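One structure below.
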Amino acid sequence: MNLPDAEQLCTDLIDRVRPAITPDTAVIGIRTGGAWLAERLHAAFALSTPLGILDISFYRDDYHRSGLHNNVQPSRVPFAVDDRPILLVDDVLFTGRTIRAAMNEIFDYGRPARIDLAVLVDRGERQLPISATWSGTSLAVPQGRLLRLVRNDEGQLSLRLSEAKAA
Amino acid sequence: MKNPQLDAQGRLQHLLTTEGLPKAVMEQILDTAASFVGVTERDVKKVPLLRGKSVFNLFFENSTRTRTTFEIAAKRLSADVINLNISTSSTAKGESLLDTIDNLSAMHADMFVVRHAQSGAAHLIAQHVASHVHVINAGDGRHAHPTQGLLDAYTIRHYKQDFTRLTVAIVGDVLHSRVARSLIHALTTLGTPEVRVIGPSTLLPTEVGRLGVRVCRDMREGLAGADVIVMLRLQNERMKGPLLPSAQEYAKSYGLTPEKLALAKPDAIVMHPGPMNRGVEIDSAVADGRQSVILPQVTFGIAVRMAVMSLLGSH
């Protein structure tokens, strides 16, 4: 199937999110694809608050089925979360479980004023009542396939479709 | 032969010893611990991984510090922790070890943290429990204390990054030290090119060369150019026993003073598993000095124990 151009989606997303950005907005990306996208948004908005990165491994709801992931990385939230508007960023919104885990983790850092969600692609098929504030595009992806963002050595983003690994 | 610490898929099933623990598993524990260090620095120091699980601390031998760090680790993973003071309970009434385990398993224990004066006690329990129950050895006799060895390895990696260029000197009563044995196995597996042991010949095991270490009889030879110095605790009973003339004599030859520390590299770090005998194996000027990482070891110990528990508790 034809996948949309991730760079173009990213540019469009930045334009659409920009009006909602305030001086104290903080951007948090979900590792790995969401963190790359968050880097772009953070740079485009020239925010003074440093970029936050979450690795949601310790909050996943499939821990008791599939265990801890092999390369867990530390989360970094180098600012006070309390009363701050948070822009949460991920590459692909699917079941909503990752976003639930990320929101749980954010609340262990503090009580944000609000959380908005920006994603590059919404592939539908939600299993939780979660929706994105902004999504670059909607795309139906066949079941059992994994859609994710990849970044090449030059830092260019693209979408890739692969077989999902059995849990 | 099947490694009793791993399940059929190669995942960590029990942590009994660092001997024979695959390098990849060790690195996974250290990498995961690095993420838990971040968690322990937050206001909310808890993650939900072991919610609903019960961790039983079975300390047949006293150790307030180790038991406390396991308790904190389990609680920060949201587990329920039950501490059993064995000396005042059933064993004192004559119940066998495995009967005690069966009874606690009937109370739906998910994980046992075991300290026992008998080498092999944790192995025995691990062979006995059902496959969903996990055992962590928190020290058995002279044999092993794997989480201490791993937290020492974590501390070394934190300050020195790469094991493959390091000289590590372990000083003291290696013969009776499960801490030393567990650290030596961890360091050699992780690729440390030179591990030295230094101590009086009465306190070095005769087969020590087999562990892949270099034996040094005096501090001048042993500390020269070292990146890491690990001081072992001199047990009280050893000070009065037949293997040493006296604690003062020992301190003179093997106690770490600022003068002896100066033989090592200028950026060498000093470690000690605690509790310290100030003035015997280590001088206060060193223990409280700028090269000491003894207190960070304690902090990292919690993260390493969280990592081990979280890798065990998922299956």
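The values are calculated or read from the model by the stated rules, or taken from the named source; none is laboratory data. As the structure is a prediction and not an experimental result, all values here were calculated from the model. All Cβ positions, even for glycine, are placed from backbone atoms using ideal geometry, and neighbour counts span all protein chains on display. To get the accessible areas, we keep the full protein, side chains included, count just its heavy atoms, and leave off ligands, DNA and RNA. Shrake-Rupley method; radii C 1.70, N 1.55, O 1.52, S 1.80 Å.
Miscellaneous remarks
- Search result, residues across segment A:71-108 that are open to solvent by less than 30 Å² (accessible area, probe 1.4 Å) and within 9 Å of chain B (Cβ to nearest Cβ): A:Val72, A:Ser75, A:Val77, A:Glu105
- Flag if A:Leu68 is part of a loop (DSSP other than H, G, I, E, B), within 14 Å of another protein chain (Cβ to nearest Cβ) and over 22 Å from A:Gly124 (Cβ atoms): yes
- Taken over segment B:131-167, the criterion of being of a type in the set (Ser, Thr, Tyr) and more than 8 Å from the chain's Cα centre (by Cα) is satisfied by B:Ser131, B:Tyr154, B:Thr155, B:Tyr159, B:Thr164, B:Thr167.
- Leading residue by the ranking (farthest from the other protein chains (Cβ to nearest Cβ)) among those in segment B:14-42 that are more than 30 Å from A:Phe107 (Cα to Cα) and open to solvent by less than 20 Å² (accessible area, probe 1.4 Å): B:Thr17
- Condition check for B:Lys45: of a type in the set (Lys, Arg) and either within 14 Å of chain A (Cβ to nearest Cβ) or farther than 15 Å from B:Arg305 by Cβ (or both): yes
- Residue under evaluation A:Val121, criteria (1) closer than 19 Å to A:Leu41 by Cα; (2) out of contact with any Pro (no Cβ under 9 Å at 6 or more places or on another chain), criterion not met: (2)
- Pairs where the first residue, in segment A:44-65, is more than 9 Å from every other protein chain (Cβ to nearest Cβ) and in a helix (DSSP H, G or I) and the second is at pLDDT 95 or above and open to solvent by 10 Å² or more (accessible area, probe 1.4 Å), C-beta under 6 Å, 6+ apart: A:Ala44/A:Ile14
Yes/no per residue for (1) within 22 Å of A:Thr25 (Cβ to Cβ); (2) of a type outside the set (Asp, Glu); (3) within 14 Å of chain B (Cβ to nearest Cβ); (4) open to solvent by less than 50 Å² (accessible area, probe 1.4 Å):
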{"residue": "A:Asp116", "(1), (2), (3), (4)": "yes, no, no, yes"}
{"residue": "A:Pro129", "(1), (2), (3), (4)": "no, yes, no, no"}
{"residue": "A:Gly136", "(1), (2), (3), (4)": "yes, yes, no, yes"}
{"residue": "A:Leu139", "(1), (2), (3), (4)": "no, yes, no, yes"}
{"residue": "A:Glu163", "(1), (2), (3), (4)": "no, no, no, no"}
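- A single member of A:Glu154, A:Glu125 is out of contact with any Cys (no Cβ under 8 Å at 6 or more places or on another chain), touching a residue at least 24 places away in the same chain (Cβ under 8 Å), away from chain B (no Cβ under 14 Å) and open to solvent by 20 Å² or more (accessible area, probe 1.4 Å), and it is A:Glu125.
- Matching residues in segment B:161-198 - criterion: being farther than 25 Å from B:Gly255 by Cβ, open to solvent by 30 Å² or more (accessible area, probe 1.4 Å) and either outside any loop (DSSP other than H, G, I, E, B) or β-branched (Val, Ile, Thr) (or both): B:Thr164, B:Arg165, B:His185, B:Thr188, B:Thr189
- Segments classed as helices (runs of 4 or more DSSP H), wholly inside segment B:234-315, with at least 3 members that are within 14 Å of another protein chain (Cβ to nearest Cβ): B:294-312
- Selection of helices (runs of 4 or more DSSP H) fully inside segment B:50-132 by the criterion of at least 3 residues being under 28 Å from B:Phe36 (Cα atoms) returns B:64-76, B:121-128.
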